[in-house]
Amino acid sequence: MKKIQAIKGTYDILPGEVEIWQHIEEKVRYRMRMYGYSEIRTPVFEETGLFARSIGEDTDIVGKEMYTFNDMGNRSLTLRPEGTASVIRAFIEHSLDQKGLPQSLWYMGPMFRQERPQKGRQRQFHQFGAEIIGSPSPLVDADMMILFDDIVKDLGLNERVYALNFIGRGESRQAFTDALVAFLDTVEDNLCDDCKRRKATNPLRVLDCKVPSCREAVHDSERLPKTVDFLDDDDTRHYGTVKNVLHDYGVAFVEDPYLVRGLDYYTGTIFEMNCSGLGAQSAIMGGGRYDNLIKDLGGPDLPATGFACGMERLVLAIEAEGSVPDAGNWMDVYLIDPVGDNDSQERTAGYLKTLRKLGYTVMMDYMRRSMKSQMKSAARANAGYALIIESEEGMVSARNMGRSEQEMMTFDAFLDKLKNDKDTI
Ligand code: HAM
């Protein structure tokens, strides 16, 4: 019979790998709390129109990467390809603006994009992200970047540099777009078919094209206009403040006047962080300001800014460069029953119950295996102590696994010893 396997582009996170995920999740939760964000959890599927309207019809995500299906009521639904649209939908639906502004929200969970799987690119992947809704301040853009920088610093990533750009709003955006289209007219023959179309529908997308000949025609030209040359006074002031605050905090960034993002909702500051050593999929996070999205989705006219980090890529970056957590003593005690008959198993289970009630992490062997196998399991479980149940009632031999020292004592004396160990940590 053909074995059923995980779907291409999806994968299992097994014990041994999951610890690094838990480590990241802990750091994220800690920093989010510290910076004053509240967690929000939204469904993994939504009406398709939500993503089409927010991310943009002409983006790769909406055009070719969404998992879209009709449910039994013949409604078109889509597995969320990112978190921002759902957070904004929830913000509007629950009138969260009434609870005070700005609303600082964060989330973590699986996202789905039907991309060609490769290292750092999956079809089900995970993001954590944050959105601040309600404040137009450049300090908020910078604060968000500082927050993410802190998280990855906690995780031991030293090679941290943001790519930063400002794509302008309103008139300045239009002036840049006009100049870009005029430039694209001059290289039209060398554009790929998609970009010939994008030139008319969504010219900024051309800057993000991955087709080598198209990139060459566009990015190798010295005539390619720069977004920052078209900013108005407000834009320039906003962008300048973001850069000053980042300088003040010692957050490293390089300006990239050709940086654009793969989603259409951005309106001002945009940023990504790339990690060398991750190959083609080097962006571990991306984000920026999106001041029109809430209004465009039928909500109040409120500005917002946010980011999301790809956790699989973060794991790769940490494994390459960061501090992979020391598992520490995972179990306090592994109980070893050398006899394995019904009576001794029951006695061992009694000790297990006492230790658990006292709050210790503890395991026992239910397979009635040899003492040697049980000792191996204790080592594999990274136990602080292997506790051998002696045949004499109330007596145990405590083996300190780290020091390879063993001592016979009463169970009560062992409990004192454990307590002392904990107190001296
Ligand atoms: P994004 O740039 O599309 O932005 O995704 C953010 C991050 O998710 C990327 O930098 C990457 O690390 C990771 N990522 C994206 N696609 C994949 C994939 N197929 N496999 C593995 N990792 C992937 C957003 O999603 C925006 N919602 C960010 C945002 C929040 N902007 C404002 N607020």
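The values are calculated or read from the model by the stated rules, or taken from the named source; none is laboratory data. Keep in mind it's a predicted model, so treat the numbers as computed, not measured. Using ideal geometry, Cβ is built from the backbone for each residue, glycine included, and neighbour counts are taken over all protein chains shown. Quick note on the areas: whole protein, heavy atoms, side chains included, nothing else; ligands and nucleic acids left out. Shrake-Rupley method; radii C 1.70, N 1.55, O 1.52, S 1.80 Å.
A few comments on the model shown:
- Candidates in segment 300-314 are the residues that are more than 6 Å from the ligand (Cβ to nearest atom) and more than 18 Å from residue 150 (Cβ to Cβ); of these, the one that is least open to solvent (accessible area, probe 1.4 Å) is 304.
- Identification of helices (runs of 4 or more DSSP H) wholly contained in segment 1-106 with 2 or more residues that are farther than 27 Å from residue 118 by Cβ and among the basic types (Lys, Arg) yields 18-34.
- Flag for residue 284 being in a helix (DSSP H, G or I) and of a type in the set (A, V, I, L, M): no
- Criterion: open to solvent by 70 Å² or more (accessible area, probe 1.4 Å), among the polar types (S, T, N, Q) and within 12 Å of the ligand (Cβ to nearest atom) - qualifying residue of 22, 98, 114: 114
- In segment 365-411, residue surrounded by the most Cβ atoms within 10 Å (Cβ to Cβ) [restricted to those that are out of contact with any Phe, Trp or Tyr (no Cβ under 8 Å at 6 or more places or on another chain) and of a type in the set (S, T, N, Q)]: 397
- Residue count, segment 45-77 (criterion: within 14 Å of the ligand (Cβ to nearest atom), among the β-branched types (Val, Ile, Thr) and in contact (Cβ under 8 Å) with a residue 24 or more places away in the chain): 3
- Any pair with Cβ under 6 angstrom, 6 or more apart, that starts in segment 302-323 at a residue that is closer than 16 Å to residue 23 by Cβ and ends at one that is at pLDDT below 95 and crowded, with 24+ Cβ neighbours inside 10 Å: 317/275
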